[in-house]
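Reviewing the structure listed below.
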Amino acid sequence: MQYLLLIHDRPDAWAKLSEAEAGAVMGEYKTFTDGLTASGAMRGGAPLDQSATLVRVRDGARGVSDGPYSSGPEHVNGYYLVEADSKDAALDVAAGIPSARFGTIEVRAVGSM
């Protein structure tokens, strides 16, 4: 089954890192991603731009607002789409994402259309 691992980070947590510390975390991301790819579990993933646009249609009229939009201080900064045998296995993968140490990884099973 496929799982979407949404990476929620606090911008202020990244801002507190020195350039060397941020570089080290990005190195951890590369190592993590390379390992996920080598294992065959990687199905996709990418960082996300910090800007966002919200679209709503009400009474036939499209409304557009600038974002990002989140209910708390964390923003969705990226994602991994992975293949895992179970939700527990997907949770194990999510725990390996470097941002899990200072942000939150949201795990969602991907349904079929």
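The values are calculated or read from the model by the stated rules, or taken from the named source; none is laboratory data. Keep in mind it's a predicted model, so treat the numbers as computed, not measured. Glycine gets a Cβ as well: all are built from the backbone with ideal geometry, and neighbour counts include every protein chain shown.
Some observations on this one:
- Scanning segment 73-87 for residues that are among the polar types (S, T, N, Q) and not in a strand (DSSP E or B) gives a single hit, Ser86.
- The listed residues are Ala20, Ala94, Ala90, Ala46, and the only one of them that is at pLDDT 90 or above, outside any loop (DSSP other than H, G, I, E, B) and over 17 Å from the mean Cα position of the chain (by Cα) turns out to be Ala20.
- Residue list for segment 24-43, filter: among the small types (Gly, Ala, Ser), surrounded by 11 or more Cβ atoms within 10 Å (Cβ to Cβ) and either under 15 Å from the mean Cα position of the chain (by Cα) or not in a loop (DSSP other than H, G, I, E, B) (or both): Ala24, Gly27, Gly35, Ser39
- Candidates Ser65, Ser51 - the one that is more than 18 Å from Gly103 (Cβ to Cβ), assigned to a loop (DSSP other than H, G, I, E, B), without any contact (Cβ under 8 Å) to a residue 24 or more places away in the chain and not hydrophobic (A, V, I, L, M, F, W, C): Ser51
- In segment 52-67, residue surrounded by the most Cβ atoms within 10 Å (Cβ to Cβ) [restricted to those that are modelled with pLDDT of 90 or more and of a type in the set (Gly, Ala, Ser)]: Gly63
- The requirement of being at pLDDT below 95 and closer than 27 Å to Ala109 by Cβ is satisfied by Ser70.
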